[in-house]
Amino acid sequence: MKDLELDFTAQKAQEFQEGRKIYQVSELSAEIKGLLQARFTDIWVEGEITDFKRSAAGHLYMRLKDDKAQIGAVMFRNKAIFLRFKPENGLAVIAKGSVSCYPPSSSYQIIVDYFEPKGIGALQLAFEQLKRKLQSEGLFDPERKKPIPKMPKTIGVVTSPTGAAIRDILNVTSRRFCSAHVILYPVLVQGDKAPAEIAHAIDEMNRLGLVEVLIVGRGGGAAIDLWAFNEESVARAIARSVIPVISAVGHEVDFTISDFVADLRAPTPSAAAELVVQSRAELLAKVDAMRSRVLKMTADRVAFLSQKHKTLATALRLNSPERPIEVLMQRVDEFDNRLRRGLLAYIERKRQKIENLTSRQSPRLLTKRVEVLDANLKSCTNRLKRSMLARMELAETRFSAVRKQLSSLKPQNVMKRGYAICQDVATGRSISRAREARLGSTILLTLSDGSLGCQVNDVSISEDIISNEIR
């Protein structure tokens with residue numbers, strides 16, 4: 001038991017300390033950091049991002065985890081600015097970097113130099129993230145898109161001055177309609193400086209206000225070559241443009257963020273020029289077609305109005321005031337004949353009655369009776385004749401007065417005194433007041449010997465009529 005006892009005397013303590021190395025905490029942390037960096041350099045780690053946050057200085061802090069463990073990771077600003085997509089929690093990535101130790105907390109972590117989404121390219125993910133962001137802000141809504149002018153006199157183009165896009169656009173505009181002017185704002189269309197130049201060019205074109213429509217684009221290429229048109233700065237420059245913008249990037253199968261934000265997407269730069277500049281031959285064909293339609297419509301209208309004029313003239317003849325007068329004249333003649341026949345029949349009946357009475361009386365009394373009756377008959381006959389003559393004269397006088405009055409009111413006689421019948425050609429209605437005529441309308445004046453087609457250039461209303469209406 002004595003052998004097991006510890007000897008804590010000063011000599012024994014000194015001998016114990018001389019046989020071991022004692023580290024300071026900072027020294028141990030630094031040595032661990034060196035070992036980790038020497039052992040784990042340029043490694044690839046697969047994991048899911050969690051606890052992601054971005055510092056005010058632009059550094060990215062996160063943890064990478066799988067179903068069994070997790071490790072801290074940091075990407076410093078000088079590396080983070082080159083990321084094409086935005087890291088977020090729950091995103092599976094493959095990171096490249098080195099393992100190091102953070103001395104203040106004595107925790108090891110991965111210093112990330114590069115990472116990419118797992119299962120999807122970084123460019124595609126950046127494209128989808130920016131697309132969702134701008135769509136949620138309403139930059140893709142059809143309501144905010146501006147109409148493209150039909151025949152612009154000046155066309156702005158933002159593209160490379162040496163690329164195929166500007167040559168194609170100039171060829172199409174010169175072939176389809178030579179009077180259209182093209183103003184080129186030269187920019188880089190690929191590379192790190194291209195997005196800033198393109199956005200600045202769009203803003204400058206709006207500030208100058210020299211063009212009516214703006215074509216922004218370039219010819220075809222790889223996805224990375226077209227990436228300048230997927231940048232947020234370019235998309236927002238297109239969205240705030242007052243000038244209508246046509247996006248013409250790449251080939252027909254290529255789609256960029258600019259295509260969704262622009263007011264119109266063209267599959268190629270040549271197609272953009274064809275959408276903006278209408279063909280001279282097509283315009284002339286449209287003009288000829290419209291001219292033919294106008295001539296046909298005019299001829300049909302003239303034929304319709306001519307037929308309508310004939311119909312109205314026939315209706316006027318059938319409805320002339322002479323017709324009622326002629327009917328009244330026939331009725332007067334009919335009444336005269338009936339009266340004459342009635343008087344003769346009455347006289348004949350009286351004569352027969354007298355003869356019957358005469359045959360019944362003695363010759364003497366009959367002679368006397370006949371004389372009396374003959375005297376009465378003569379008296380009645382004379383009175384009846386005078387009365388009938390008076391009635392006939394009165395009827396003839398009235399009939400003459402009515403006939404003269406109707407004759408004076410006959411439209412042909414009225415028009416002979418300088419009057420005319422005024423009709424609106426468009427509606428066919430008669431015009432009796434000045435206010436019923438419309439400026440610029442065509443009216444038909446029917447005179448005693450023909451008709452006149454006139455156009456209303458001035459309408460004046462009598463001051464007496466206006467004052468009476470005011471009262």
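So that you can scan it fast, the table gives a plain yes or no per residue for (1) out of contact with any helix residue (DSSP H, G or I) (no Cβ under 8 Å at 6 or more places or on another chain); (2) small (Gly, Ala, Ser):
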{"position": "368", "(1), (2)": "yes, no"}
{"position": "383", "(1), (2)": "yes, no"}
{"position": "389", "(1), (2)": "yes, no"}
{"position": "401", "(1), (2)": "yes, yes"}
{"position": "406", "(1), (2)": "no, no"}
{"position": "415", "(1), (2)": "yes, no"}
{"position": "422", "(1), (2)": "yes, no"}
{"position": "427", "(1), (2)": "yes, no"}
{"position": "432", "(1), (2)": "yes, yes"}
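Scanning the stretch 228-241 for residues that are under 13 Å from residue 193 (Cα atoms) and surrounded by 21 or more Cβ atoms within 10 Å (Cβ to Cβ), we see that the one that is farthest from the chain's Cα centre (by Cα) is 228.
Residues that are under 60 Å from the mean Cα position of the chain (by Cα), of a type in the set (A, V, I, L, M, F, W, C), surrounded by 15 or more Cβ atoms within 10 Å (Cβ to Cβ) and assigned to a loop (DSSP other than H, G, I, E, B) within the stretch 23-82 comprise just one, 76.
Do we find that residue 60 is modelled with pLDDT of 80 or more, in contact with a helix residue (DSSP H, G or I) (Cβ under 9 Å, 6 or more places away or on another chain) and hydrophobic (A, V, I, L, M, F, W, C) in this structure? Here the answer is yes, as residue 60 does meet what is asked.
Only one of the numbered conditions (1) part of a helix (DSSP H, G or I); (2) closer than 30 Å to residue 421 by Cα; (3) modelled with pLDDT under 85 is not met by residue 364, and that is (2). Under the condition of being aliphatic (A, V, I, L, M) and assigned to a helix (DSSP H, G or I), which residue from the stretch 252-272 is modelled with the highest pLDDT? Among those that are aliphatic (A, V, I, L, M) and assigned to a helix (DSSP H, G or I), it is 261. Residues considered: 249, 277. Of these, the only one that is in contact with a helix residue (DSSP H, G or I) (Cβ under 7 Å, 6 or more places away or on another chain) and modelled with pLDDT under 85 is 277.
The set of residues from the stretch 184-205 being in contact with a strand residue (DSSP E or B) (Cβ under 7 Å, 6 or more places away or on another chain), closer than 15 Å to residue 258 by Cα and not in a helix (DSSP H, G or I) comprises just one member, 189. Of the listed requirements (1) part of a helix (DSSP H, G or I); (2) surrounded by 11 or more Cβ atoms within 10 Å (Cβ to Cβ); (3) at pLDDT below 80; (4) not charged (D, E, K, R), residue 320 misses just one: (1).
When the stretch 142-182 is filtered for residues that are in a strand (DSSP E or B) and touching a helix residue (DSSP H, G or I) at 6+ places or on another chain (Cβ under 8 Å), the ones remaining, listed by number, are 155, 156, 157, 158, 159, 182.
The values are calculated or read from the model by the stated rules, or taken from the named source; none is laboratory data. Because the structure is a prediction, the values reported are computed rather than measured. Every residue, glycine among them, receives a Cβ derived from its backbone with ideal geometry; neighbour counts consider all protein chains shown.
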